[in-house]
Structures are given as C-alpha cells and as structure tokens.
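Undergrad: I have a structure I would like to understand better, so I am pasting it below and will then ask my questions one at a time.
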Amino acid sequence: MRFIPTMLHGVLDYLVGVMLIGLLFALGAQEPALITLIALGLFAIVYSLFTDYELGAVRFLRVRFHLALDTIFGIIMLFIPTAFHLPPAIGWPVYAVGIFAILLAAITNIRASGTSS
C-alpha cells in the first residue's frame, strides 16, 4: 500500500533534515547527542540530494535504496534517546522522527515520475 508520491516524500525529506537540526538546538540537546543528530540530519539531506526523484539534485541513488536508507535512519533514531540517555523532552521528538521515517519509507511509491527505475 504505497500511496505517497516521491515528490511529497522529497519535500518531507528536506523538512525532516532541517527540522531535526533546528529542533535539537531549540530543545537544548547536549553533546555528543547533538553532534550525532546533526550529522544524521545532514546525512538525510545529502542522500536526498543524491536520490533519483523529482527533488534530487544529482539523481544517483535509486528510490528503493533511498527508502532503505530512510528505514535505517529511522531505526537509528529509535536507538538514540536510550543510547545517549536523552531527557524525555528531547527523546520523544527523536522517537517521533524515527517512527515517521520508517512509516514514510513503507508507504512511499518506489518509482518517481519521469524515471526509468
């Protein structure tokens, strides 16, 4: 049941990456969790730029591979609050981003319009 178009997924990818970075500063996350989460937010933006979908700049990674990276990203996000002993005010938003990433990967179309694969 994949019904989210890749164009919407792309918009959400960039929003999640930027919001993750901004949210951490707003909530006052401390190192090393802050550095790890900023790196993950930047990584999400970078692999989105390299994805073969409407908002990809380079169009190198297939959408299926991108969705696999989103799933891995989401799983890592689910482990971070426990691994870094984040307080609930920071941990719950991180959990929410992880669940959102996994869910979005599961319901996004696997072929972008205008691509051959």
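Only the coordinates and a few stated rules stand behind these numbers; no lab work does. Being a predicted model, the structure only gives us computed values, none of them experimental. No Cβ is skipped: glycine too gets one built from the backbone with ideal geometry, and neighbour counts run over all protein chains shown.
Undergrad: Work out which helices of the chain, taken as complete DSSP H runs, extend at least 27 Å along their axis over the Cα atoms and score a mean Kyte-Doolittle of 0.0 or more, then list them.
TA: 6-27, 63-83, 88-107
Undergrad: Let me have the 222 nm mean residue ellipticity of the chain computed from DSSP H runs of 4+ only, each contributing -39500 (n - 2.57), with the sum over all residues rounded to the nearest 500.
TA: Taking each H run of at least 4 residues, the total per residue is -23500 deg cm²/dmol.
Undergrad: Could you pull out every residue, at least 5 positions away or on a different chain, whose amide H is within less than 5 Å of the one on Leu61? Hs are placed 1.01 Å off N in the peptide plane, and Pro or chain starts have none.
TA: Thr51, Asp52
Undergrad: Quick check on the chain: what are the equivalent-ellipsoid semi-axes from the Cα gyration tensor, as sqrt(5λ), descending, whole Å?
TA: Values: eigenvalues 143, 37, 23 Å².
Output for the chain: semi-axes of 27, 14, 11 Å.
Undergrad: Next up: Which trypsin sites (Lys or Arg not before Pro) in region 35-88 pass both tests, a DSSP loop state and at most 16 other beta-carbon atoms within 10 Å? Each step should come with its number before you reach the end.
TA: Details: sites: Arg59, Arg62, Arg64; in loops: Arg59, Arg62.
Filter output for region 35-88: Arg59.
Undergrad: For the chain, what is the relative contact order in percent, using Cα pairs closer than 8 Å and at least 6 residues apart in sequence?
TA: 34 percent
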